[in-house]
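Participant: Before I ask anything, let me first share the structure, which is written out below as structure tokens.
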Amino acid sequence: MGIQETELRVQRIMTDKFIQADSVEVTLYRSTRSADGAGGYTDASPAPLPPQVMRLIPLRDGAEEQLTADGQKVRPTYMLMGRHDADMQRWDTFTTEDGTRYEVVFVNANRQYQVKGEVAYRG
């Protein structure tokens, strides 16, 4: 069930303001998977998406373990938040200005007024 139109507009405005208060420009990279014919998959080289303005929020204790694209169990350390129309999918990767690489390991299904993905340190 969706929220009322007025509340949705207000929530989207609040999300925009929250992101702008401590925003980062993020270029997500996405790989496509193809069946390898033997029951597994082959990943193509990651392709960049257009840059997006988002906010990287430290997570507190209690984040559940998630699986990375290569099957490793990790505990997310940040939440990446974008506008409701942000293009973010599980297993997208990005690198911060200091060269730290992260992977989106979970994306919240509710995208009415924001897109939130849990991210884990990958090197």
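Participant: Looking at (1) in contact (Cβ under 8 Å) with a residue 24 or more places away in the chain; (2) under 30 Å from ILE3 (Cα atoms); (3) out of contact with any Asp or Glu (no Cβ under 8 Å at 6 or more places or on another chain), which one does LEU28 not meet, given that it meets all the others?
Facilitator: LEU28 satisfies every listed condition except (3).
Participant: Check off (1) free of Cβ contacts under 8 Å to residues at least 24 places away in the same chain; (2) loosely packed, with under 12 Cβ neighbours inside 10 Å for ARG33 and give me the number that stays unchecked.
Facilitator: (2)
Participant: Next question, about the same structure. Six or more apart or on different chains, Cβ under 8 Å: which pairs go from a residue in the stretch 42-53 that's surrounded by 14 or more Cβ atoms within 10 Å (Cβ to Cβ) to one that's charged (D, E, K, R) and part of a strand (DSSP E or B)? Could you list them?
Facilitator: Between residues of the stretch 42-53 that are surrounded by 14 or more Cβ atoms within 10 Å (Cβ to Cβ) and residues that are charged (D, E, K, R) and part of a strand (DSSP E or B), the close pairs are PRO46/ARG30; LEU49/ARG30; GLN52/GLU25; VAL53/GLU25.
Participant: What residue, of ASP85, ASP92, is crowded, with 17+ Cβ neighbours inside 10 Å, under 29 Å from ARG12 (Cα atoms) and not β-branched (Val, Ile, Thr)?
Facilitator: Going through ASP85, ASP92 in turn, the sole match is ASP92.
Participant: Scanning the stretch 49-93 for residues that are among the hydroxyl-bearing types (Ser, Thr, Tyr) and in a loop (DSSP other than H, G, I, E, B), which turns out farthest from SER23 (Cα to Cα)?
Facilitator: Taking the stretch 49-93 first, the residues among the hydroxyl-bearing types (Ser, Thr, Tyr) are 68, 77-78, 93.
Narrowing the set further to residues that are in a loop (DSSP other than H, G, I, E, B) leaves 68, 77.
Details: THR68: 25, THR77: 17 Å.
The qualifying residue farthest from SER23 (Cα to Cα) is THR68.
No value in this document is a laboratory result; all are computed from the given coordinates. As the structure is a computational prediction, the values presented were derived from the model and not from experiment. All Cβ positions, even for glycine, are placed from backbone atoms using ideal geometry, and neighbour counts span all protein chains on display.
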